[in-house]
Amino acid sequence: MKKSNSILNLALVAGLSFSLLACGNSKSTDHNDDNTEHDHSGIDHAAEHKMPDGSVMEMSENKSISQLIDQYLAIKNALVQDDSKAAASAGQKLAEEASSIDVNTFEVSKQPEIKEILEVVKEHGEHIAKSEIAHQREHFEGMAKDFMDILAITGTDRTLYQQYCPMYNKNKGGYWLSDSQEIKNPLFGSKMLTCGSVKETISMK
């Protein structure tokens, strides 16, 4: 009986230790249980979170959407600083850039999908340009999958890091892209600046 109790106690201690692991582990397992009022992304967070931290994805080198990436990162940096005004300005520029990209410069077979993604990115940018910071963050997180999708088609002009914080959106989790491995969380800003981990490195072939 004492042996059974010891085993049970060890199991409980192990379970408690696991539940207290730092940001990025246990709280992410149930973050796709229900929808929220502003779910713009359609990201299957549960599926994506199965990727091991530190995965590498190689993409073709391409500068065709450099300005779009620049504005996305400008929004990211503004939200890290809790600067809603700067995020709004970058959001407007993002929307304008998404509208100005000539899809005819891409392969014909890829043009419909690129056009569709750019329309979604434009909409997110327009919302960021006119919203308060909490809603800006929702739309910014919503763009993470769109940017991953378009980068997979067009390629990238720089190394980017897909980062993830399991605490965002009531522990459902949230993704973003950064040009730095260092975690500076745009989904929480100063409230939880270092919450997150690098899920995937996007590098040029």
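All but one of (1) in contact with an Asp or Glu (Cβ under 6 Å, 6 or more places away or on another chain); (2) closer than 17 Å to residue 69 by Cβ hold for residue 149, so report the exception by its number.
(1)
Report the residue count in segment 54-77 for those that are surrounded by fewer than 15 Cβ atoms within 10 Å (Cβ to Cβ) and closer than 15 Å to residue 100 by Cα.
The first filter runs over segment 54-77 and keeps only residues surrounded by fewer than 15 Cβ atoms within 10 Å (Cβ to Cβ), leaving 54-56, 58, 60-61, 63, 66.
Keeping just the survivors that are closer than 15 Å to residue 100 by Cα gives 63, 66.
The total comes to 2.
Does segment 79-94 hold any residues that are in contact (Cβ under 8 Å) with a residue 12 or more places away in the chain, over 23 Å from residue 119 (Cβ atoms) and either part of a helix (DSSP H, G or I) or touching a strand residue (DSSP E or B) at 6+ places or on another chain (Cβ under 6 Å) (or both), and which are they? Show your work before the answer.
Within segment 79-94, the subset in contact (Cβ under 8 Å) with a residue 12 or more places away in the chain is 79-82, 84, 86-94.
Within this subset, residues satisfying the condition of being over 23 Å from residue 119 (Cβ atoms) are 80-82, 84, 86.
Within segment 79-94, 80, 84, 86 meet the criteria.
Can you name every residue in segment 165-205 that is touching a Gly at 6+ places or on another chain (Cβ under 6 Å) and among the aromatic types (Phe, Trp, Tyr)? Before you say what the answer is, go through the steps one by one.
Just the residues of segment 165-205 that are touching a Gly at 6+ places or on another chain (Cβ under 6 Å), to begin with: 165-166, 168, 183, 185, 187, 197.
Once the filter is applied, which keeps residues that are touching a Gly at 6+ places or on another chain (Cβ under 6 Å) and among the aromatic types (Phe, Trp, Tyr), segment 165-205 yields only 168.
Can you tell me which residue in segment 106-117 is nearest to residue 174 (Cα to Cα), limited to those that are in a helix (DSSP H, G or I) and open to solvent by 100 Å² or more (accessible area, probe 1.4 Å)?
Step one: of segment 106-117, the residues in a helix (DSSP H, G or I) are 108-117.
So of that shortlist, the ones also open to solvent by 100 Å² or more (accessible area, probe 1.4 Å) come out as 108, 115-116.
Values: 108: 33, 115: 25, 116: 22 Å.
Of everything passing the filter in segment 106-117, 116 is nearest to residue 174 (Cα to Cα).
Out of the strands (runs of 3 or more DSSP E) lying entirely within segment 118-205, which hold 3 or more residues that are polar (S, T, N, Q) and either closer than 15 Å to residue 87 by Cβ or open to solvent by 10 Å² or more (accessible area, probe 1.4 Å) (or both)? Please lay out each step first, then the result.
On the way: elements: 160-165, 174-178, 197-204.
The strands (runs of 3 or more DSSP E) meeting that bar are 197-204.
The values are calculated or read from the model by the stated rules, or taken from the named source; none is laboratory data. In this text, all values refer to a predicted model and were calculated from it rather than measured experimentally. Positions of Cβ are generated from backbone atoms using ideal geometry, with glycine treated the same way; all protein chains shown enter the neighbour counts. Side chains are part of the model used for accessible areas, which takes the heavy atoms of the whole protein and leaves out ligands, DNA and RNA. Shrake-Rupley method; radii C 1.70, N 1.55, O 1.52, S 1.80 Å.
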